[in-house]
Each structure stands twice: as C-alpha cells, then as structure tokens.
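Only one structure is covered here, and it is reproduced in the block below.
The values are calculated or read from the model by the stated rules, or taken from the named source; none is laboratory data. Keep in mind it's a predicted model, so treat the numbers as computed, not measured. So basically every Cβ, Gly included, is an ideal-geometry build from the backbone, and we count neighbours across all protein chains shown.
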Protein chains: 2
Amino acid sequence: MTDVIRLLTRAQKLLRAATDDAMRPHGVRIGQNLVLEVLWQDDGLTPGELAARMGVTTPTVVNTAARMEAAGLLDRRPDPRDGRLVRLYLTPSARAARAPISDARRRIADHALATLTPTELRHLTSALEKIVKQMDAGT
Amino acid sequence: MTDVIRLLTRAQKLLRAATDDAMRPHGVRIGQNLVLEVLWQDDGLTPGELAARMGVTTPTVVNTAARMEAAGLLDRRPDPRDGRLVRLYLTPSARAARAPISDARRRIADHALATLTPTELRHLTSALEKIVKQMDAGT
DNA sequence: CCGGGTTCGTTAGCCGGCTAACGAAGAGCA
DNA sequence: TGCTCTTCGTTAGCCGGCTAACGAACCCGG
C-alpha cells in the first residue's frame, strides 16, 4: 500500500526538521552534518570521495563545502601531487563541534525511537533494509 | 541508535527518486504529485487549504502551483466572494493524468515492499506511526 | 462609516538536492 | 614527445522545501 510510504516520508521529514533545529545553534545546518561526520573520521578527503561516502552527487558536496568554508568550518587545499584534486580539511572549530552535535543527534534519535521496544526496533531496521535493498536492486 | 534513522533517510530518498523518475514521463514532477492527489479528490481549494492538507507551507504550494499553471496542469482563479482568496482548479489534462500516475505510484510501492510479508508490513507501519506520533508530540 | 487588526497570497532569499556542460589536469599510447 | 581520452572540480540552472517581510482585502468595534 501507498500509505506506509507516505508515513515513511512524513517520519523522515519530521526527523530532518528536528535535526536541523538541533544543529543550528551550533552554527551547522543539516546538509553539513554528513560532511562533518565523514571528515571527523577521515579528514582530507576530496569532494568526489566525500560524495561517494555520503551517497550524494559531487556538486552537492562542492556547494555544501563552499558554505562550510565561508562559515569557517573547513579549508579547501589543492592536492600537491594531483592538480585536479582538492582536499577538504576541517578547522579546529569544526572539530570542537563534534561532541555537542553528536550528542544532539543521539538525543533526537533516542527521542524518536523512545516508544519502540527493542524488538520493534529490530523489525523496523530489518524492514527498512529490505526496502533499501529492493530499491537498490532496481528493475 | 542513529543508524536506523540513516536507513530511513536512505529509503525515503530512494523512493522519492524512483517516484520522480516514474512521474516525469507524464509531465509531472514529484513536488506536484501531492497537489494533484489532493485536488483530484477536492478541486478548487485555496493555497492555504492545500498547504494544510499536504503538511507543507503556503509558499511551497504557491510556487508549485505556479509551475503547474505554466505546465498547463491547473488554473488559478480568484474567489468571487473573498478577494483575498485564490482557488486552484485542475485542467482536463491534469485530470487525464490521474490513472497513469496513480498506477505508477502503486507499482513503485508494490515493488519497494515486495519482499516484506504482511506481518512485516504491519510492524513497519506501526513503528513509523509511533515515530511520527512521538515527533509530533515534540518535547 | 471608518480605521486598525487579522487573514490571505505573494515575493524575496536561503538551503540542499539534482543534471548537464565546462575546463583544467593527468594518463596512456602511438 | 605529443595527442587524445579520461578524470577531476566547478559552474549554471532547475526543483522543492523553508522563513521573513509585504501588500491587499476583509472584519469588527467605535
């Protein structure tokens, strides 16, 4: 049925909005969150690498990175060996934001899932995995 | 955990992309889909009423309606009684697109959920309902 | 009847996705 | 050594969300 899909869309929208609200006070917008999470773990990636890990197109990363550079969250430095590449490095300010932002994300997840039992959570995860797998398979 | 949320986001993104792909050949973009679904059932609503039913802000409806008007999918006529109101009426072309678009939507939903058993589908729906309810409650 | 508050749609401007088209730099083969 | 092809990031321009600010129209109390 089509209503479970509408429900899924609605849930995602609510989560997205809540996440954006929570990160804004820290000077970070939701689109920048994934960039941060990847770079916190693996600094100095190129836009293309980031896009691949984020599951997003390269221009999206380029635009987001430009905004983050303007906001003082990262530096864009050319790769010394390959003139085509650009490497993105987080600033200390971005690294300092790691703990509070991670906490905020965790709080939102906890709250969103608070009324689910562990079993329900397992069922939910498995169902979503099946959907993703099926959509990825295409056809 | 935060990964089920990432999973949810990913599933929604895949569904959204598939839906957009399916509707494009019919001259309709994904943002216009909800407008159509509401107006198919209840023609002549105002942007504000539409926004409320769609769970979206009024400017979003206004912009989408402008694009749909340019595409010949709807007409914007002033309300004869209240000069502030604008009423949106679907064109025959938009009404003719109903069946094929509904079919396409149903096909996508069927495919996405094809690997779920009825029980799993019930579990999924109930879990999503809990999440939505919890987020709506706020706090 | 008229003047101020309310209720509309619209506009402006932002963010975050996307595709398409480019231009610069590297890689590899003749 | 060159020339072509590939591989990058960037730019341009679209769609679909949002908030904030606005202007026009209605309503209601004096």
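Quick check on the stretch A:11-24. Is at least one of its residues closer than 26 Å to residue B:34 by Cβ, within 13 Å of DNA strand C (Cβ to nearest atom) and either modelled with pLDDT under 95 or more than 12 Å from chain B (Cβ to nearest Cβ) (or both)? Yes, that holds for at least one residue. Assessment of the stretch B:32-47 against the conditions (surrounded by fewer than 17 Cβ atoms within 10 Å (Cβ to Cβ), out of contact with any strand residue (DSSP E or B) (no Cβ under 8 Å at 6 or more places or on another chain) and of a type in the set (Gly, Ala, Ser)) yields no matching residue. Taking the stretch A:27-139 and the helices (runs of 4 or more DSSP H) fully enclosed by it, the elements with 1 or more residues that are at pLDDT below 95 and within 24 Å of residue B:17 (Cβ to Cβ) are at A:118-137. Residue-level check: of (1) surrounded by 13 or more Cβ atoms within 10 Å (Cβ to Cβ); (2) at the interface with chain B (Cβ under 9 Å from one of its Cβ atoms); (3) within 30 Å of residue B:110 (Cβ to Cβ), residue A:105 misses just (3). Filter the stretch A:111-139 down to the residues that are more than 7 Å from every other protein chain (Cβ to nearest Cβ) and among the hydroxyl-bearing types (Ser, Thr, Tyr), then identify the one that is surrounded by the fewest Cβ atoms within 10 Å (Cβ to Cβ). My answer is A:139.
This table checks each residue for (1) within 8 Å of DNA strand D (Cβ to nearest atom); (2) closer than 30 Å to residue A:102 by Cβ; (3) of a type outside the set (Gly, Ala, Ser).
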| residue | (1), (2), (3) |
| --- | --- |
| B:2 | no, yes, yes |
| B:9 | no, yes, yes |
| B:14 | no, yes, yes |
| B:27 | no, no, no |
| B:33 | yes, no, yes |
| B:42 | no, no, yes |
| B:47 | no, no, yes |
| B:52 | no, no, no |
| B:66 | no, no, no |
